[in-house]
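Undergrad: If you scroll down you'll find the structure; I have some questions about it.
Read-outs: derived from the displayed coordinates by stated rules, not from any lab. Computed from a predicted model, the values in this text were never measured in an experiment. Here the Cβ is made from the backbone with ideal geometry for all residues, glycine too, and neighbour counts use every protein chain on show.
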Amino acid sequence: MNNTIEILKNCGLSKNEAKVYVALLQLGSSKAGKISKLAQIDRTSTYNSLKLLIEKGLASYVIVGKVRWFQPAPPEKLLTLLNEKREGLVRIMPFLNAEYKEKKLEENVRLFKGLKGIRTVLEDIINEGKQNLVFGSEGQLEKNMPAFAQRFVQLLKKKRIKVMSLVREGRRDVSSKTAEIRFVPKTVKSNVVTNIYGNKIAIIIWSKTPEAILIENKTAAEAYRSYFSFMWGHAKKKT
């Protein structure tokens with residue numbers, strides 16, 4: 001149930017709208033009071049959510065003896081709404097890209113917070129499509145974002161992105177399936193993972209609230225790449 005609510009929220013519904021819609025699906029056709037009880041939200045919030053769901057085409061009602069009976073639209077309607085949003089976004093994408101390219105600084109530093117921010121940075125590695133040099137990985141991605149970690153590895157394979165990774169000796173790293181691995185001493189531990197790709201450096205800090213710093217600077221990237229090359233030359237080869 002909780003996972004369903006979260007997915008519906010990601011599709012554009014509020015938490016209460018998602019709860020009411022799921023309650024409607026379970027009840028089929030019902031009065032507001034029963035919907036409110038099943039959704040576990042107050043009557044006023046239920047009515048507000050029903051009104052918004054009706055506006056989105058996800059619910060409707062009929063009047064029987066002066067009483068409104070609400071009923072849900074088929075779940076496929078959610079896909080229709082998402083497709084409409086996507087089509088609208090596709091139409092304005094040329095304008096957005098033009099604005100992005102015109103206003104973007106050639107050298108910049110951006111900060112991302114939370115797991116969604118980390119995902120944005122990792123997706124940038126995929127979109128860049130260039131060799132990725134990694135050090136400091138302790139399997140944090142697999143632990144904190146297991147589903148996305150698998151997809152990330154699949155995308156690396158699909159786009160044939162070469163990965164060279166320095167990992168702590170004695171541990172297995174999921175990325176070893178797609179990366180050339182060398183080892184640093186067991187005593188070298190870190191909650192910070194550095195990725196060097198293209199003219200960018202992505203520093204991911206796996207703290208309680210994960211953060212990522214994305215630096216786009218050709219000179220800095222070349223310097224980091226030089227440091228990595230030195231460490232790689234002194235690291236232990238995989239046997």
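Undergrad: Report relative contact order for the chain in percent, whole number only (criteria: Cα-Cα under 8 Å, sequence separation at least 6).
TA: 16 percent.
Undergrad: Please pull out the direction-averaged projected area of the chain, using the convex hull of its alpha-carbon atoms, in nm² to one decimal place.
TA: If I average the Cα hull's projected area over directions, I get 17.1 nm².
Undergrad: Applying 1/(1 + (r/R0)^6) with R0 = 41 Å to the Cβ-Cβ distance of Lys116 and Asp42, what FRET efficiency is obtained, to the nearest 0.05?
TA: 0.85
Undergrad: Here is a follow-up. Highest mean first, how do 134-145, 22-33 rank when packing is the count of other Cβ atoms within 10 Å averaged over residues?
TA: So the peptides 134-145, 22-33, ranked by packing, come out 134-145, 22-33.
Undergrad: Take the residue pairs Lys157/Lys186; Lys77/Lys116; Lys113/Lys238; Lys158/Lys237; Lys37/Lys208; Lys77/Lys208 and return only those whose Cα atoms are more than 32 Å apart.
TA: As for pairs spanning more than 32 Å Cα to Cα, those are Lys113/Lys238; Lys37/Lys208; Lys77/Lys208.
Undergrad: Sticking with this one: Which FRET efficiency, nearest 0.05, do Glu76 and Ile213 yield, Cβ-Cβ r, R0 41 Å?
TA: FRET efficiency, Glu76 to Ile213: 0.45.
Undergrad: Here's something else I'd like to know. When only C-alpha pairs under 8 Å and at least 6 residues apart count, what is the relative contact order of the range 38-119, in percent? Mind showing how you got there, number by number?
TA: Values: 27 pairs, mean separation 11.3, N = 82.
Computed value for the range 38-119: 14 percent relative contact order.
Undergrad: Using a basic spin-label model with each label point 7 Å from the Cα along Cα→Cβ, how many nm lie between Asn127 and Thr187?
TA: Distance between the two pseudo-spin positions: 4.2 nm.
Undergrad: To the nearest 20 Debye, how big is the dipole of the range 108-237 about its Cα centre, given +1 on the beta carbon of each Lys and Arg and -1 on that of each Asp and Glu?
TA: 360
Undergrad: Under a Cβ-only charge scheme (Lys and Arg +1, Asp and Glu -1), can you give me the dipole magnitude of the range 26-181 about the Cα centre, in debye to the nearest 20?
TA: Here the size comes out at about 600 debye.
Undergrad: Which loop GluC sites (Glu not before Pro) in the range 149-239, with loop taken from DSSP, have no more than 14 other Cβ atoms within 10 angstrom of their Cβ? Write out the running numbers ahead of the final one.
TA: Numbers: sites: Glu169, Glu180, Glu211, Glu216, Glu222; in loops: Glu169.
Within the range 149-239, the qualifying GluC sites (Glu not before Pro) (loop, at most 14 other Cβ atoms within 10 Å) are Glu169.
Undergrad: Among the GluC sites (Glu not before Pro) in the range 1-106, which ones are in a DSSP loop with at most 15 other Cβ atoms within 10 Å of the Cβ? Mind listing them?
TA: Answer in residue order: Glu106.
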